[in-house]
1. Please enumerate the residues belonging to the range 6-39 that are in a helix (DSSP H, G or I) and β-branched (Val, Ile, Thr).
2. Looking at the range 37-44, is at least one residue modelled with pLDDT under 95 and buried (at least 16 other Cβ atoms within 10 Å of the Cβ)?
3. Is it true that some residue in the range 122-137 is at pLDDT 90 or above, in a loop (DSSP other than H, G, I, E, B) and either aromatic (Phe, Trp, Tyr) or under 30 Å from Trp238 (Cα atoms) (or both)?
4. Could you tell me whether Arg68 is in contact with a helix residue (DSSP H, G or I) (Cβ under 9 Å, 6 or more places away or on another chain), loosely packed, with under 14 Cβ neighbours inside 10 Å and under 15 Å from Phe240 (Cβ atoms)?
5. Mind counting the residues in the range 262-301 that are assigned to a loop (DSSP other than H, G, I, E, B), hydroxyl-bearing (Ser, Thr, Tyr) and loosely packed, with under 15 Cβ neighbours inside 10 Å?
6. Just to be sure, is Ile101 among the β-branched types (Val, Ile, Thr), at pLDDT below 90 and part of a helix (DSSP H, G or I)?
7. Conditions: (1) free of Cβ contacts under 8 Å to residues at least 12 places away in the same chain; (2) surrounded by 19 or more Cβ atoms within 10 Å (Cβ to Cβ). Trp125 meets all but one. Number of the miss?
8. Return only the number of the condition from (1) closer than 25 Å to Leu13 by Cα; (2) buried (at least 17 other Cβ atoms within 10 Å of the Cβ); (3) not hydrophobic (A, V, I, L, M, F, W, C) that Gln88 does not satisfy.
Amino acid sequence: MLYWLPAPLLGTLMALLLLINTVFWVIPLYILVLVKLLIPVRPLRRLISRTLSLIAQSWAMVNTLMARLCLRIEYDNRLPAGLAPQGQYLACANHQSWNDIFMLMQAFGYKAPFFKFFLKQELIWVPLLGLAWWGLDYPFMKRYTRAQIEKNPALKGKDMETTRKACAKFRDEPVMVLNFLEGTRFTPAKHTRQASPYRYLLKPKSGGFAFAMAAFGEQLNSLLDITIVYPDGSRGFWDFLCGRVGRVIVDVRELTIPHELYEGDYESDPAFRARFHQWISQLWSEKDARIAQLLAEAGDRR
């Protein structure tokens, strides 16, 4: 509706609307987070956690509504039938820009649980959002390098221990745990530096995903394989706010994770780790081919 505005003015307006919406929803969220901190009764804390997730979804849906009113974006969401708001899912996706988060929010809406993903511990200090992420039970991770572990062997396994504790909160709750397996946003420079064997993707990092699977156990064996494609090219978040993102495809397929991938120890069993890497590599090869197919289809429609 407002896409006719000059791009800088449109971007400023969108940024202001998103900020106002965030402040509006973060106030009741903070109040409930405070109650959650003060009341240790587990059933009540569980109820508060579900209410917090609903608040987060409502925040996301208002963001989506504002974008639909102000920006001219062609959304092509391809979701599997049978998604459930009360379901439990592991999810993985390719990653190209901060816009990916927004595109996932608009694609899933209330059709599935609000997604959670592992965050670097330092992000808890992000204004407004850090405490909100904590209240929403987003897992904060402190990753240790090989050098740090060699210097202090007691750190070995701490990543897995943290992951187990985080995922234990989700065992009896509706949840979608999202992992960007590439670990960083795709850029041509990173692609060249990695000598990635994929045309449209960086090499996947499977360790965190393996830890999450082991922490949840086979009760959570449904994988949402998410492919995000920008047929006109990926752009930054400011370009998105300015209305320069024209089309986006969010393609999702639901898979069952093979039983044998729950029957090993990723950290200490080299043979199991090799099998896990092979499975992830196959998943990524299929995603690379799917991106090529979606881009070709989008090109034919121009």
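The values are calculated or read from the model by the stated rules, or taken from the named source; none is laboratory data. Computed from a predicted model, the values in this text were never measured in an experiment. Heads up, the Cβs are rebuilt from the backbone with ideal geometry, glycines too, and the neighbour counts pull from every protein chain shown.
1. Our first condition is that a residue be in a helix (DSSP H, G or I); within the range 6-39, this holds for 7-38.
Of everything in the range 6-39, those that are in a helix (DSSP H, G or I) and β-branched (Val, Ile, Thr) turn out to be Thr12, Ile20, Thr22, Val23, Val26, Ile27, Ile31, Val33, Val35.
2. Looking only at the range 37-44, we keep the residues that are modelled with pLDDT under 95, and these are 37-44.
Still in the running and buried (at least 16 other Cβ atoms within 10 Å of the Cβ): none.
There is no residue in the range 37-44 that is modelled with pLDDT under 95 and buried (at least 16 other Cβ atoms within 10 Å of the Cβ).
3. Checked the range 122-137: no residue is at pLDDT 90 or above, in a loop (DSSP other than H, G, I, E, B) and either aromatic (Phe, Trp, Tyr) or under 30 Å from Trp238 (Cα atoms) (or both).
4. On the way: in contact with a helix residue (DSSP H, G or I) (Cβ under 9 Å, 6 or more places away or on another chain): yes; loosely packed, with under 14 Cβ neighbours inside 10 Å: yes; under 15 Å from Phe240 (Cβ atoms): yes.
Yes.
5. First pass over the range 262-301, keeping only residues assigned to a loop (DSSP other than H, G, I, E, B): 263-269, 301.
Next, from what is left, pick out any that are hydroxyl-bearing (Ser, Thr, Tyr): 266, 268.
With loosely packed, with under 15 Cβ neighbours inside 10 Å added as a condition, the list becomes 268.
Residues that pass the stated criteria total 1.
6. Details: among the β-branched types (Val, Ile, Thr): yes; at pLDDT below 90: no; part of a helix (DSSP H, G or I): yes.
Against the criterion (among the β-branched types (Val, Ile, Thr), at pLDDT below 90 and part of a helix (DSSP H, G or I)), Ile101 does not qualify.
7. For Trp125, the failing item is (2).
8. Going through (1) closer than 25 Å to Leu13 by Cα; (2) buried (at least 17 other Cβ atoms within 10 Å of the Cβ); (3) not hydrophobic (A, V, I, L, M, F, W, C) one by one, Gln88 breaks only (1).
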